[in-house]
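Structure first, then comments.
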Amino acid sequence: MKTLRTIIYLFLIAFLNACGPQVEKKLGNFELLPSPQEFEITGISNLKVDQLQFIFSESNDDLPVLGNILGSFEQSDEKSKAQVVYSIDESLDVPTEGYIFQIQNDQIILTGKDEAGLFYAFKTLEQLAIDAIEQDVHLPLCSIKDFPLLAYRSIHLDIKHHLEKTDYYYQLIDKLASYKINAIIAEVEDKIKFERHPKIGSADALSKEDWKKLSDYASERNIEISPLMQGLGHSSFVLKHEEYKHLRDDPKSDWAYNPLDPETYKVQFDLYEEAIEATPNGKYLHVGGDEVHTTGRGSGKSALELQLQWLDKVCKFAEEHDRIPIFWDDMPLKHADVYNPMFNTEISKQEVDKIWEENEHKLVEFLDQFPKNCIYMRWNYHSPETYGNSKAMNWFSNHGFQVMGATAGQTRWVLMPQRESNIDNIKSFALSSIESGLNGLLLTLWDDDSPHFELYMRGILAFAEYTWAGDKRTKDEIKSAYRHREYSSTLSEDQYAFIDTLEAPVAQWKNLLLEGNSRNYLMSNPNAKEKLVIELPNTETPGKWSEKYADRINGAKETVLKCDTIAAKIVEMKNLAKRNTYNLEIYEQVNKLVRFNNTILLQLNEFDLASNIIERKQALEKLTKLNEQFSTLRNELESVYGKTRVLNKPDDYILDQDHHVHLANQSLSFDWQFSAEILFLEKLDETINYETVLINSKD
């Protein structure tokens, strides 16, 4: 634990200082993430990072792909001359991907169980090297024995609504590898240039060759990319096109395929096959299958029966193409009426058992139709600890099916993840997966409301920690280690923690200028400006507006103070950070946008409470400047986001029916991010024009 290591550091520093002035070496602050299973620091070596020049392999193993921090090693023909000695030893007493690591006075010895283990040994060395260089200290005398507790540690790359610039994906792969993430499930939808169905691929989609290059680059860093190609439901990216409307289950809806039409499978299999071709190093094919009810088209077959027939066909296809299919498991559980207990934290164990006792037969009667070669993925983003969740997973495993969980670092949150990056739930699902002996876990990162990907990093690092190391760090220690690794060792202290403080203002921002929870519904409501944007002050009824919105105004005063404190902290951190200042720039833009909306309320309050014509004119003059201020703010945010993100969809892109009201699916431009602000300012302009005429008439 961090506290114990700190005590050891302080003791060693005191001991070394007592040795007299001839001792010039000082002990650094080293934080590894994820935590090694065993890590002991016993002193300070004679090695500084710039002295690591020669490398030697005892078994002539290839050198893994290294990051820039270690520079270029020269191969030595003698072990004694090398500062780094490495090897692969399959007999090593650690699980797959494990390694043994030792820094002696003048030599570093790295031994991997396999190629992946050796790669991760070097990744650990890179983290130690980063800390040593930053603090200008020698590497520590230390020994490490390390291995993962979950074999499959995958993040979800959801690109259905937007792409990042391609360079960012390569940088992301490097970062994920540094934290020992070993898989990506890419939800590709229309972001492949399909050759068999070119109409489906977006104009900005990556070619299969582009995807293959990414896949190969990831594979060299022990990350396998597998595709998630939604099937049955969530299929608007296909069924919105005129050429494919005849495949709809409901002719009026672009949501689901007709599972009774043989052409459905021809199209789906074509898309699956091209997705497999684009990701040649993956071992899975995630076929989707969630959140869908089909009509049956008068066939007399139930929705569950139809889904299992569809699942059987796509699982056979996956097997024929040497892929293991993954299927979201929610619909069979919904059809059997055992779904709700997974998300109800109030229901008792006895009540859950009773629900299953009454309804399990609805699953059992179709038991033979559940494919055996499929992994049933149980997603639960907020309550994985419930008895109902484990009950559902156990049902599958007890009947001989493979099971895997899916937690979340981003669900439907706007601007940035909430709930402390959802760390508690990530931890809960990771630990229960380890305890249950499951193979792995997926961290979903949904693009539905599309915060900047950089803001998922804290959740990703927590996921990396808990899936690799288990329960070694507390939540606060995770947050501190995140700041240490992502920014600088000097920023690990609590005084630099601002992300949690920003969460509540961001949550408030979503509907601050609106009535009800309506931001996601603005662009589909033709009367949104009149019905969903908040009322504005009226000089004929002074004070009434401020009375109606008193709670919001008081909240806005508090939020502006919070935002100012956060802004000052981010500026200080940018000056102190040794790396990843771009991440801080993104948070800075989020903070500015949140503050802007709150200052709007305060300016409206000032206008509403003006006691005379002069004060009212002055307040009105401030309001007239809001449009210009917003334009400047938006341009700055888009400039910062646009360094890594493709902000706009292609001009010829067809928006679908947006069944789940995803903000990022509601405009071709980046307008969706500012839909409330745009409508509010339009309404404000109308009010300003009216009030200007009214005030001038009283002069």
*Can you name the residue in region 318-332 that is out of contact with any Leu (no Cβ under 8 Å at 6 or more places or on another chain) and crowded, with 16+ Cβ neighbours inside 10 Å and is also nearest to H293 (Cα to Cα) among such residues?*
D330
*How many residues, within region 340-375, are assigned to a loop (DSSP other than H, G, I, E, B) and in contact (Cβ under 8 Å) with a residue 40 or more places away in the chain?*
9
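Right, S488: farther than 16 Å from Y179 by Cβ and within 17 Å of the chain's Cα centre (by Cα) or not?
no
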*Scan region 137-159 and give yes if some residue there is under 24 Å from the mean Cα position of the chain (by Cα) and without any contact (Cβ under 8 Å) to a residue 60 or more places away in the chain, otherwise no.*
no
*Could you give me the residue pairs with C-beta distances under 8 Å whose first residue belongs to region 388-400 and is modelled with pLDDT of 95 or more, whose second residue is open to solvent by 50 Å² or more (accessible area, probe 1.4 Å) and part of a helix (DSSP H, G or I) wherever it lies, and which are 6+ apart or on separate chains?*
G388/N340
*State the number of residues belonging to region 99-110 that are crowded, with 22+ Cβ neighbours inside 10 Å and either closer than 20 Å to Y152 by Cα or not hydrophobic (A, V, I, L, M, F, W, C) (or both).*
1
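Residues in region 333-346 that are open to solvent by less than 40 Å² (accessible area, probe 1.4 Å) and more than 24 Å from the chain's Cα centre (by Cα): how many?
5
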*When region 506-524 is examined, which residues are found to be aliphatic (A, V, I, L, M), within 16 Å of L663 (Cα to Cα) and crowded, with 19+ Cβ neighbours inside 10 Å?*
V506, L514, L522, M523
*Right, S219: among the hydroxyl-bearing types (S, T, Y) and crowded, with 23+ Cβ neighbours inside 10 Å or not?*
no
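Residues are listed down the side, and each one gets a yes or a no for (1) in contact with a strand residue (DSSP E or B) (Cβ under 7 Å, 6 or more places away or on another chain); (2) touching a residue at least 40 places away in the same chain (Cβ under 8 Å); (3) closer than 20 Å to F370 by Cα; (4) of a type outside the set (V, I, T):
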site	(1), (2), (3), (4)
S236	no, yes, no, yes
E243	no, yes, no, yes
A278	yes, yes, no, yes
N281	yes, yes, no, yes
R297	no, yes, no, yes
L304	no, yes, yes, yes
K313	no, yes, yes, yes
E320	no, no, yes, yes
*Which one is nearest to Y168 (Cα to Cα) among residues in region 421-465 that are charged (D, E, K, R) and part of a helix (DSSP H, G or I)?*
E454
*Looking at region 600-612, is at least one residue within 30 Å of S421 (Cβ to Cβ), out of contact with any Cys (no Cβ under 7 Å at 6 or more places or on another chain) and touching a residue at least 60 places away in the same chain (Cβ under 8 Å)?*
yes
*Considering only region 666-699, state which residues are among the charged types (D, E, K, R) and under 45 Å from the mean Cα position of the chain (by Cα).*
D671, E677, E682, K683, D685, E686
*Looking at region 578-592, which of its residues are closer than 15 Å to A568 by Cα, surrounded by fewer than 20 Cβ atoms within 10 Å (Cβ to Cβ) and either of a type in the set (S, T, Y) or at pLDDT below 95 (or both)?*
T581
*If only one of K349, K266, K313 is over 30 Å from D210 (Cβ atoms) and open to solvent by 50 Å² or more (accessible area, probe 1.4 Å), which one is it?*
K349
*In the set L637, L647, L623, which member is of a type outside the set (G, A, S), assigned to a helix (DSSP H, G or I) and under 28 Å from L206 (Cβ atoms)?*
L637
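The rows are residues; the columns are (1) surrounded by 21 or more Cβ atoms within 10 Å (Cβ to Cβ); (2) in a loop (DSSP other than H, G, I, E, B).
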{"site": "T467", "(1), (2)": "yes, no"}
{"site": "R473", "(1), (2)": "yes, yes"}
{"site": "K479", "(1), (2)": "yes, no"}
{"site": "T490", "(1), (2)": "no, no"}
{"site": "E503", "(1), (2)": "no, no"}
{"site": "P526", "(1), (2)": "no, yes"}
*asked:* Looking only at residues that are in a loop (DSSP other than H, G, I, E, B) and touching a residue at least 40 places away in the same chain (Cβ under 8 Å) in region 206-223, which one is farthest from T166 (Cα to Cα)?
replied: N222
*Is there a residue being outside any loop (DSSP other than H, G, I, E, B), touching a strand residue (DSSP E or B) at 6+ places or on another chain (Cβ under 9 Å), at pLDDT below 95 and open to solvent by 40 Å² or more (accessible area, probe 1.4 Å) anywhere in region 53-76?*
yes
*asked:* So in region 4-43, with the set limited to residues that are within 23 Å of I100 (Cβ to Cβ), modelled with pLDDT under 85 and aliphatic (A, V, I, L, M), which one is surrounded by the fewest Cβ atoms within 10 Å (Cβ to Cβ)?
replied: L4
*region 604-642, residues that are closer than 30 Å to F237 by Cβ and in contact with a Lys or Arg (Cβ under 8 Å, 6 or more places away or on another chain)*: L637
*Which numbered condition trips up G543, out of (1) on the phi < 0 side of the Ramachandran plot; (2) surrounded by fewer than 19 Cβ atoms within 10 Å (Cβ to Cβ)?*
(1)
*T96 open to solvent by 10 Å² or more (accessible area, probe 1.4 Å) and of a type in the set (S, T, N, Q)*: yes
*Residue check for K245: under 23 Å from the mean Cα position of the chain (by Cα) and open to solvent by 60 Å² or more (accessible area, probe 1.4 Å)*: no
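For R616, are the conditions met, namely being of a type in the set (K, R), over 23 Å from E454 (Cβ atoms) and not in a loop (DSSP other than H, G, I, E, B)?
yes
To keep it simple, each residue is scored yes or no on (1) in contact with a helix residue (DSSP H, G or I) (Cβ under 8 Å, 6 or more places away or on another chain); (2) of a type in the set (D, E); (3) closer than 30 Å to Q666 by Cα.
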site	(1), (2), (3)
N389	yes, no, no
F396	no, no, no
G400	no, no, no
N425	yes, no, yes
T444	no, no, yes
E454	yes, yes, yes
T467	yes, no, no
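The values are calculated or read from the model by the stated rules, or taken from the named source; none is laboratory data. The model shown is predicted, which means the values in this text are computed figures rather than measured ones. Virtual Cβ from ideal backbone geometry, glycine too; neighbours counted across all protein chains shown. With ligands, DNA and RNA removed, areas are computed over all heavy atoms of the protein, side chains included. Shrake-Rupley method; radii C 1.70, N 1.55, O 1.52, S 1.80 Å.
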